[in-house]
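Novice: My questions will all concern the structure given below.
The values are calculated or read from the model by the stated rules, or taken from the named source; none is laboratory data. The structure presented is a predicted model; accordingly, all values stated were derived computationally and were not measured. Virtual Cβ from ideal backbone geometry, glycine too; neighbours counted across all protein chains shown. To get the accessible areas, we keep the full protein, side chains included, count just its heavy atoms, and leave off ligands, DNA and RNA. Shrake-Rupley method; radii C 1.70, N 1.55, O 1.52, S 1.80 Å.
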Amino acid sequence: MDILEIFLTASFWTAAIRIASPLIFATMGELICERAGVLNLGIEGIMVAGAFTGWFGAYMGMGLWGGVALAMATGMLFGLVHSTLTVPLGLSQHVVGLGVTLLATSLTYFCYRVALPEVTSPPKIEAFQVWEVPVLSEIPVLGPALFAQTPLTYLAFATVAVVAYGLYRTPLGLAIRAAGENPAAVAAQGLSVTGLRMGAVIVGSGLMAVGGAFLTMSAFDSFFFEMVNGRGWICIALVVFGAWRPGKALLGAILFAAFDAFQIRLQQTPLGAQVPYQIFLMLPYFLSILALVAMSRRAEVPAALMVPFNRGDR
Amino acid sequence: MRLEPIANPSMARTLVPPAAALVATVVIASLLAMVAGGNPFRVLGLIIEGAVGSRFALLETLNRATPLIFTGLAVAVAFRAKLWNIGAEAQLYAGAVMAVVLGTGALAWPAFALLPTMAAAAMLAGAVILLVPALLKTRLGVDEVVTTLLFNFIFLLFVSYLLEGPMKDPMGMGWPKSPRLIAEARLPRIVDGLRLHWGFGLALIAAGVVWVINTRTTLGYEMRAVGQNAEAARFAGIPVGRVIVKTALLSGGLAALAGFSEVSGLKGSLTLDLSPGFGYSGIIVAMLALLNPLGVVAAALFVAGIFVGADSMSRAVGVPTYLADIMLATALLLMVLAILLTRFRILRE
């Protein structure tokens with residue numbers, strides 16, 4: 001197959017949107033946290049926990065949406081742990097975030113082993129099926145990519161719209177953004193910086209977990225160790241790449257996923273077969289670092305990101 | 001809710017919260033052991049017995065602590081200057097690769113010349129690995145947390161490529177592993193017949209050296225100043241960027257020694273499972289040690305004991321060995337909280 005032809009196939013764009021979906025959920029989650037002023041490095045572990053609980057809920061007969069809800073609740077619980085330690089107590093967001101990732105990951109693996117002690121290959125569930133939007137899905141190339149996906153992908157796009165509207169068009173969104181830029185001003189308005197920040201971290205963590213659940217409930221139909229594989233860290237890079245704006249972050253996630261889908265297909269071309277496969281697998285991580293470097297000059301970091309707010313010491 | 005600093009914390013104030021954190025960790029671990037169908041007293045007893053209950057167990061713990069001392073020191077040095085090096089895993093593998101490059105016959109030198117050369121080359125490799133994120137941070141303001149984390153994935157894939165390609169052992173029956181090190185490239189055992197190698201001695205020396213650097217040198221003072229308040233340090237005439245780069249070189253070099261010591265002292269060759277996350281566990285070690293280099297030795301022994309003990313407990317009663325990771329993550333979170341409580345009072349408003 002000619003390399004440029006890859007971009008004209010519907011399957012390529014369909015794969016790109018599918019790969020982007022978990023990243024979109026988790027990136028929106030991280031974006032909400034950071035706009036409120038909290039860096040959430042628990043993202044990687046929370047995605048692992050969401051991947052397990054969503055799949056396990058469905059496996060135990062809660063239904064697919066029940067699994068998604070369980071994943072979201074799990075994520076929110078870890079968000080509560082994270083935000084309690086980092087917001088009112090003002091502990092290091094780096095240390096707590098890494099601690100939450102380690103805790104969520106090890107708890108997940110522990111629960112998996114306890115719940116399924118005897119299995120060598122994990123059981124499968126009946127995952128989300130593709131749901132084709134009538135008429136629209138018949139548009140050439142982009143139709144299947146955008147309108148022949150699983151319901152969770154549609155939900156991912158809806159999430160971006162809700163987050164963008166919520167952050168920029170509602171008083172609550174203004175307050176959250178202000179908590180990340182100028183918390184003293186928020187407090188002066190009589191609003192609780194602590195409440196806003198904790199709420200943002202809890203909701204954001206819930207979205208991260210749904211991103212993880214996408215992997216086990218839509219992209220695949222089973223839970224594997226190491227399946228999140230650094231996607232959380234990539235989402236943190238995507239938030240920076242998207243300059244902390246939902247629309248741009250969505251674009252970044254799709255670009256990134258398109259690149260990922262491209263390298264998978266490139267591996268199968270005669271040219272690609274001559275290159276060690278590890279080089280291809282490295283590319284997404286390199287791309288994330290490059291994105292960070294490219295954006296470093298004009299990054300619009302929320303002014304109070306990682307700055308604890310204590311009303312005592314104004 | 002408000003935090004109020006305590007001017008002169010009492011003895012009880014300083015000791016009770018950390019002790020309570022440890023007790024809470026043990027309680028949580030016991031509950032989880034019960035969930036997994038084990039008797040908590042037996043599970044905890046087996047962990048302690050598996051860690052220190054016999055000469056074999058004790059030596060195993062010391063061996064496991066060795067790489068953790070190196071990565072713990074690497075993290076402690078970096079975090080003290082607020083350089084968030086989460087990439088000790090990649091730096092460890094860089095050191096391991098260097099040990100294989102020089103130690104499999106490329107240099108046919110006697111051990112007294114070869115081993116120091118390998119150690120120095122390993123440190124250099126690890127330092128270079130961390131230099132890139134450090135320069136990106138000082139020159140372009142790119143956050144090093146994400147870059148060092150992503151480098152872990154990149155470097156592990158690179159090692160995987162090496163082990164399946166140029167560095168593959170032709171006698172390895174197709175397994176992705178490196179050739180074995182020559183005899184001169186192996187770190188000798190401290191006492192003949194006991195399975196403990198000089199990597200442990202080197203780790204203790206490294207801890208002493210870092211302690212001297214921290215407390216007795218200008219660099220150590222500058223690193224702390226940059227960590228406490230970079231703006232103030234700059235105002236006082238400290239070249240902040242240069243200090244961060246020096247910190248990175250030291251930190252990366254220390255983490256790489258873990259890889260050198262594992263390959264040259266313990267395993268004798270490089271495989272992809274050389275490190276079961278020693279780089280990440282180093283963060284826990286450093287935090288439990290409050291970033292103090294001598295404390296790192298104690299914390300590494302504690303963390304290694306939990307891991308080794310949990311392995312043997314898991315073999316005996318079938319409670320998953322991930323219990324160890326949960327205990328350590330819980331201990332980390334509760335300990336940072338406990339340290340806060342030793343210095344601040346929480347007031348309700």
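Novice: Where Lys and Arg each count +1 and Asp and Glu each count -1, what net charge lies around B:Val226 among other residues with Cβ under 11 Å from its Cβ?
Specialist: Value of the local net charge: +4.
Novice: While we're here: I need the peptides B:201-209, B:57-65, B:127-135 ranked by packing, meaning the mean over residues of other C-beta atoms within 10 angstrom, with the highest value on top.
Specialist: Answer by packing, highest mean first, reads B:127-135, B:57-65, B:201-209.
Novice: Follow-up. Ignore the peptide's own chain and count Cβ atoms of other chains within 10 Å of each Cβ in B:281-287; give me the average, rounded.
Specialist: Mean number of neighbouring Cβ atoms from other chains: 2.
Novice: If you line up the long axis of helix A:151-169 against the longest principal axis of chain A, both from Cα atoms, how many degrees apart are they, to the nearest 10?
Specialist: Its long axis makes an angle of about 30 degrees.
Novice: Quick one: Cα centre-to-centre distance for the range A:272-292 and the range B:293-311, in angstrom?
Specialist: Computed from Cα coordinates, the inter-centre distance equals 36 Å.
Novice: Do the sum for chain A: with -39,500 (n - 2.57) for every DSSP H run of n ≥ 4, divided by all residues, what is the mean residue ellipticity at 222 nm, to the nearest 500 deg cm²/dmol?
Specialist: Theoretical 222 nm ellipticity from helices: -22000 deg cm²/dmol.
Novice: For B:Leu219, A:Leu116, write out the residues from largest to smallest accessible area, computed with a 1.4 angstrom probe and no ligands counted.
Specialist: Sorted by accessible area, descending: B:Leu219, A:Leu116.
Novice: Please find, in a Gaussian network model of chain B (springs between Cα atoms separated by less than 10 Å), the residue of B:Asn85, B:Asn39, B:Asn152 whose mean-square fluctuation is greatest.
Specialist: B:Asn39
Novice: Using only atoms on other chains, find how many Cβ atoms lie within 10 Å of each Cβ of peptide A:93-104 and report the average.
Specialist: 6
Novice: Sticking with this one: Could you tally up the Lys pairs in the range B:68-295 with alpha carbons closer than 24 Å? Skip any pair fewer than 8 positions apart unless they're on separate chains.
Specialist: Lysine pairs, 8 or more places apart or on different chains, close enough: 6.
Novice: Could you order B:Thr104, A:Thr101 by accessible surface area, starting with the largest, using a probe radius of 1.4 Å?
Specialist: Greatest to least solvent exposure: B:Thr104, A:Thr101.
Novice: Give the average, rounded to an integer, of partner chain Cβ atoms located within 10 angstrom of each Cβ in A:232-244.
Specialist: 2
Novice: Further question: Based on the alpha-carbon gyration tensor of chain B and its eigenvalue square roots a ≥ b ≥ c, which shape applies: rounded if a/c is under 1.5, prolate if not and a/b is larger than b/c, or oblate?
Specialist: It is oblate, given that a/c is not under 1.5 and a/b is not larger than b/c.
Novice: Using per-residue counts of other Cβ atoms within 10 Å, averaged over each peptide, order A:202-210, A:172-180 from highest down.
Specialist: Taking the mean over residues of other Cβ atoms within 10 Å, the ranking is A:202-210, A:172-180.
Novice: Quick one: what are the phi-derived ³J(HN,Hα) couplings along the range B:326-342, Karplus 6.51/-1.76/1.60 with θ = phi - 60°, whole Hz, x for glycine and proline?
Specialist: Coupling constants for the range B:326-342: 5, 4, 6, 5, 4, 4, 4, 5, 5, 6, 5, 5, 4, 4, 4, 5, 6 Hz.
Novice: Please say if chain A is rounded, prolate or oblate, where rounded means a/c under 1.5 for a ≥ b ≥ c the square roots of the C-alpha gyration tensor eigenvalues, and otherwise the choice is prolate for a/b larger than b/c and oblate otherwise?
Specialist: prolate
Novice: For A:Trp131, what residues show an amide H to amide H distance below 5 Å, using hydrogens built from the backbone and excluding near sequence neighbours?
Specialist: The list, which skips near neighbours in sequence, is A:Gln149, A:Thr150.
Novice: Under the Karplus relation 6.51 cos²θ - 1.76 cosθ + 1.60, θ = phi - 60°, what is the ordered set of whole-Hz ³J(HN,Hα) values for the range A:263-274, x standing for Gly and Pro?
Specialist: My calculation for the range A:263-274 gives 5, 5, 6, 5, 4, 8, 7, x, 5, x, 5, 7 Hz in order.
Novice: On C-alpha positions alone, give me the angle between the axis of helix A:43-59 and the longest principal axis of chain A, in degrees, nearest 10.
Specialist: On a 0 to 90 degree scale, this one is about 60.
Novice: Once phi is turned into ³J(HN,Hα) by the Karplus curve 6.51 cos²θ - 1.76 cosθ + 1.60 with θ = phi - 60°, what whole-Hz value does each residue of the range A:65-77 show in order, with x for glycine and proline?
Specialist: 5, x, x, 4, 5, 5, 4, 4, 4, 4, x, 5, 4
Novice: Okay, helix-only estimate at 222 nm for chain B: each DSSP H run of n ≥ 4 adds -39500 (n - 2.57), divide by all residues, round to 500 deg cm²/dmol; what do you get?
Specialist: Calculated at 222 nm, the ellipticity per residue is -23500 deg cm²/dmol.
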